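Chemist: Below is one structure. I have some questions about it.
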Amino acid sequence: MLQVRDLRVCYGRVPAVHQVSLTLAAGEILAVVGANGAGKSTLLRAIAGLARADAGTIELDGRPIQALPAHARVPLGLALVPEGRHLFPRLTVERNLELGAFTRRDASEVASSLEMVLETFPVLRERRAQLAGTLSGGEQQMLAIARGLMSKPRLLLLDEPSWGVAPIVVSRIFETIQAINRSGVAVLLVEQNVKRALSVAHRATVIQTGRVVAEGTGADLLGSDLVRRAYLGL
Ligand SMILES: Nc1ncnc2c1ncn2[C@@H]1O[C@H](COP(=O)(O)OP(=O)(O)OP(=O)(O)O)[C@@H](O)[C@H]1O
Ligand SMILES: [Mg+2]
């Protein structure tokens with residue numbers, strides 16, 4: 001479904017992603033892990049169209065998308081849940097969700113997506129009329145994921161979904177990610193919580209200073225002493 005080849009992304013003249021290639025099949029969860037500043041968020045932003053690819057290609061279903069603006073990638077099935085969530089804190093939960101569907105025109109389909117995400121996250125139904133900025137960290141993360149789902153993605157790009165979430169809620173977030181995946185949505189998961197990410201992912205890629213340094217199944221990477229010590233800090 002997604003093929004990234006030799007991607008390079010710079011801020012000014014400084015590359016944050018030097019040369020990254022990866023593939024993700026339909027229905028798969030691929031984890032991307034690596035230290036702070038490794039280029040994980042930049043990689044997701046480039047796939048979503050929020051950072052420009054300076055070299056390399058990004059293909060979705062075999063079609064190059066690197067020249068398309070972010071808003072044109074959403075109807076193709078890509079949704080980014082950004083690091084730090086970027087909710088609209090002074091808008092209600094429901095309004096934040098509606099904004100996730102801004103590229104969709106069919107009101108009855110949007111209403112059925114809204115119903116689906118409120119089933120997935122019952123707490124958001126309870127808090128529907130509440131301002132997003134007044135939610136707890138875990139609830140805000142659920143809202144950010146739910147807003148991403150409102151565009152009806154086939155590939156969800158999740159950047160640090162466990163960030164700022166109380167430890168007891170982290171498990172719920174990961175279970176929900178797996179449930180979303182079982183419903184047929186592919187997931188590219190960037191996480192600091194390496195153990196959890198590798199345990200839910202079908203495959204994983206380790207990046208260091210903008211380059212791929214290891215790849216394999218989650219179990220392979222967790223089982224490799226070298227990878228654990230050198231790259232994962234485990
Ligand atoms: N807007 C920006 N302008 C200039 N440099 C940036 C910008 N955003 C990120 N960088 C730099 O690019 C590199 C990669 O950053 P990025 O945010 O992609 O890493 P990350 O792996 O997501 O890190 P973290 O785990 O801290 O979220 C870092 O050296 C960072 O300082
Ligand atoms: Mg990041």
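Derivation of every value follows stated rules applied to the coordinates shown; laboratory data play no part. What you are looking at is a predicted structure, and each value in this text was computed from that prediction instead of being measured. Virtual Cβ from ideal backbone geometry, glycine too; neighbours counted across all protein chains shown.
Chemist: Looking at the structure I just gave you, is Val190 crowded, with 16+ Cβ neighbours inside 10 Å, within 16 Å of ligand 1 (Cβ to nearest atom), farther than 17 Å from Glu28 by Cβ and touching a residue at least 60 places away in the same chain (Cβ under 8 Å)?
Modeler: Criteria not met by Val190.
Chemist: Among residues belonging to the stretch 32-48 that are assigned to a helix (DSSP H, G or I) and of a type outside the set (Val, Ile, Thr), point out the one that is nearest to Leu188 (Cα to Cα).
Modeler: Leu44
Chemist: Considering each of Leu2, Leu22, Leu7 in turn, give the residue that is away from ligand 1 (no atom under 16 Å from the Cβ) and surrounded by 19 or more Cβ atoms within 10 Å (Cβ to Cβ).
Modeler: Only one candidate qualifies: Leu2.
Chemist: I would also like to ask the following. Note down all Cβ pairs under 6 Å where the first residue falls in the stretch 30-41 and is within 17 Å of Arg196 (Cα to Cα), the second is part of a strand (DSSP E or B) and of a type in the set (Phe, Trp, Tyr), and they're at least six residues apart or on different chains.
Modeler: Partner pairs satisfying both residue conditions: none exist.
Chemist: While we're looking at this one, here's another question. Within the stretch 1-58, track down each residue that is away from ligand 2 (no atom under 16 Å from the Cβ), closer than 25 Å to Leu234 by Cα and either in contact with a Pro (Cβ under 8 Å, 6 or more places away or on another chain) or among the hydroxyl-bearing types (Ser, Thr, Tyr) (or both).
Modeler: Ser21
Chemist: Restrict the check to the stretch 155-164 and report whether at least one residue is within 16 Å of ligand 1 (Cβ to nearest atom), within 28 Å of Ser21 (Cα to Cα) and without any contact (Cβ under 8 Å) to a residue 60 or more places away in the chain.
Modeler: yes
Chemist: Conditions: (1) free of Cβ contacts under 8 Å to residues at least 40 places away in the same chain; (2) closer than 29 Å to Leu22 by Cα. Asp106 meets all but one. Number of the miss?
Modeler: Asp106 satisfies all of (1) free of Cβ contacts under 8 Å to residues at least 40 places away in the same chain; (2) closer than 29 Å to Leu22 by Cα except (2).
Chemist: Here is a follow-up. Check the stretch 49-64 and report whether any residue there is under 18 Å from Val185 (Cβ atoms) and either surrounded by fewer than 17 Cβ atoms within 10 Å (Cβ to Cβ) or of a type in the set (A, V, I, L, M, F, W, C) (or both).
Modeler: Yes: one or more hits.
Chemist: Looking only at the stretch 41-63, decide whether some residue is within 8 Å of ligand 1 (Cβ to nearest atom), of a type outside the set (A, V, I, L, M) and more than 15 Å from the chain's Cα centre (by Cα).
Modeler: The answer is no, given that none of the residues of the stretch 41-63 is within 8 Å of ligand 1 (Cβ to nearest atom), of a type outside the set (A, V, I, L, M) and more than 15 Å from the chain's Cα centre (by Cα).
Chemist: From Glu139, Glu160, which residue is buried (at least 19 other Cβ atoms within 10 Å of the Cβ) and within 16 Å of ligand 2 (Cβ to nearest atom)?
Modeler: Glu160
Chemist: Got a sec? Which of Arg104, Arg95 is away from ligand 1 (no atom under 16 Å from the Cβ) and part of a helix (DSSP H, G or I)?
Modeler: Arg95
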